[in-house]
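What follows is one structure encoded as structure tokens, with my remarks underneath.
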Amino acid sequence: MGGVEMEIGVLFADVRGFTSLAEDMAPNDVAELLNRFYASAARILAKSAIIDKLVGDEVMALYLPLLAGEGWETYMLRDASELLRAVGFGSSAEPWLRLGIGLDVGRAFVGNVGAGDVKDFTALGDVVNTAARLQSSAQAGQIVMSERLFTRLSSDETSASSRNLGLEGKREAEPVRVIDLTAGSGSHRP
């Protein structure tokens, strides 16, 4: 038990419309679809992140600067873009999974939490909650990132539209940047 407070990045990726999708599928087909998604997420995210959780149709990944190395913020955006492309966004084909992604950076408690025989390595703090809320606001094919993360990226790395979003549980609107890969061109568009 225990951990440390540190600067981290958090990625949440969640399938849009999963409940209604699963309603019409056999349980084995649901498991097969999720395993395909998890395999894509593991292949892409394991390059620079620690996959913290697989919860139903959602993946949570942590970017720890001490492990990921210099430029870890750019890896977050790279991985999010690759994950959307892996499910079919950014191409002329119809995506096989409707995925939305949220990204944020900030300070968090990182370590083991729990009690007794039930323990979990995870991150806790506002950055985690904000990344989850950003993901909730992302439509299928979108990456919604905090302005905090966007300002750490060089201007030639990405273009993204600027918005202010009211996030559930937050007192003030959050300035965010949105990258939309639904255009089918495969490139980031503002």
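All of the numbers you see were taken from the coordinates with simple rules; none came from a lab. As the structure is a prediction and not an experimental result, all values here were calculated from the model. For neighbour counting, all protein chains shown are included, and Cβ atoms are generated from backbone atoms with ideal geometry for every residue, glycine included.
Ordering Ser137, Ser154, Ser81, Ser161 by the number of other Cβ atoms within 10 Å of each residue's own Cβ, fewest first, gives Ser154, Ser161, Ser137, Ser81. Among the chymotrypsin sites (Phe, Trp or Tyr not before Pro) in segment 1-66, none sits in a DSSP loop with a Cβ that has at most 11 other Cβ atoms within 10 Å. Largest GNM mean-square fluctuation across Ala42, Ala173, Ala108, computed for the chain with C-alpha springs under 10 Å, falls on Ala173. Of all beta bridges that DSSP places with both ends in segment 67-170, some 70 percent have antiparallel geometry. For Met25 and Lys119, FRET efficiency with R0 = 35 Å and r from the beta-carbon atoms, rounded to 0.05? Between Lys119 and Met25 the formula returns 0.55.
When only alpha carbons are used to place a centre, segment 116-140 and segment 17-64 end up 15 Å from one another. Considering only Gly69, Gly141, Gly106, the mean-square fluctuation computed in a Gaussian network model of the chain, springs between alpha carbons under 10 angstrom, is largest for Gly69.
The modelled label-to-label distance between Leu67 and Arg107, using points 7 Å beyond Cα along the C-beta direction, is 2.2 nm.
Once the other residues with Cβ under 11 Å from the Cβ of Leu99 are scored (Lys, Arg +1; Asp, Glu -1), what is the net sum? Provide the component values of the computation, followed by the final result.
Working: positive: Arg16, Arg85, Arg98; negative: Asp14, Asp57, Glu58.
Net local charge, Leu99 excluded: 0.
With both labels modelled 7 Å from their Cα along Cα-to-Cβ, the Ser136 to Val4 distance reads 3.2 nm.
Of all the options Lys170, Lys119, Lys47, the one that moves most in a Gaussian network model of the chain with Cα springs shorter than 10 angstrom is Lys119. Put a plus charge on the Cβ of each Lys and Arg, a minus charge on the Cβ of each Asp and Glu, and nothing anywhere else: the dipole of segment 2-180 about its Cα centre is then about 220 debye. Beta bridges assigned by DSSP with both partners in the chain are antiparallel in approximately 95 percent of cases. In vacuum, with every alpha carbon of segment 2-180 counted as one equal point scatterer, what does the Debye formula give for log10 I(q)/I(0) at q = 0.11, 0.13, 0.17 Å⁻¹? Two decimals, please. Results for segment 2-180 at q = 0.11, 0.13, 0.17 Å⁻¹ read -0.46, -0.65, -1.09.
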